Amino acid sequence: MKIQELQAASDKQLEKFKEAYGLDGRELALAINTKLGEEFGELSDQLLGFYKLQRHDKLDQYSTEELEKELFDTLFTVFGVASATGLDLTEICKKRSKFILERKLRE
């Protein structure tokens with residue numbers, strides 16, 4: 001799947017979110033950012049479980065599949081933050097990857 005496809009899917013999800021909660025503009029961006037915090041917390045929980053750093057009685061809740069799910073959910077929500085703020089994640093990736101690659105080549 002390409003970045004543009006993920007962005008389009010995220011835009012659709014964002015429209016549903018806007019309709020459901022009646023948010024727009026700054027409030028929408030802040031709400032999606034809050035959602036990102038939630039997703040990151042779930043990713044962190046799964047990562048701790050993946051490395052067996054949770055209570056032993058909880059370890060059966062964790063799996064590679066759940067870690068993958070939370071990693072994707074976090075990434076997908078980042079697309080929502082980009083859309084809610086009017087930023088194009090495809091362009092951001094192009095600019096930043098060029099910068100990162102050029103910096104790595106200089107090191």
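When region 18-47 is filtered for residues that are in a helix (DSSP H, G or I), of a type outside the set (Asp, Glu) and over 17 Å from Leu75 (Cα atoms), the ones remaining, listed by number, are Lys18, Ala20, Tyr21, Gly25, Arg26, Leu28. Residues in region 59-92 that are touching a Gly at 6+ places or on another chain (Cβ under 7 Å) and either closer than 30 Å to Glu27 by Cα or in a helix (DSSP H, G or I) (or both): Leu59, Gln61. Flag: Lys35 matches the condition of being surrounded by 13 or more Cβ atoms within 10 Å (Cβ to Cβ), modelled with pLDDT of 95 or more and not acidic (Asp, Glu). Filtering region 54-81 to residues that are under 30 Å from Glu15 (Cα atoms) and basic (Lys, Arg) leaves only Lys69. Looking across region 64-89, the residues that are surrounded by 13 or more Cβ atoms within 10 Å (Cβ to Cβ) and among the polar types (S, T, N, Q) come down to Thr74, Thr77, Ser83, Thr85.
The values are calculated or read from the model by the stated rules, or taken from the named source; none is laboratory data. Being a predicted model, the structure only gives us computed values, none of them experimental. Using ideal geometry, Cβ is built from the backbone for each residue, glycine included, and neighbour counts are taken over all protein chains shown.
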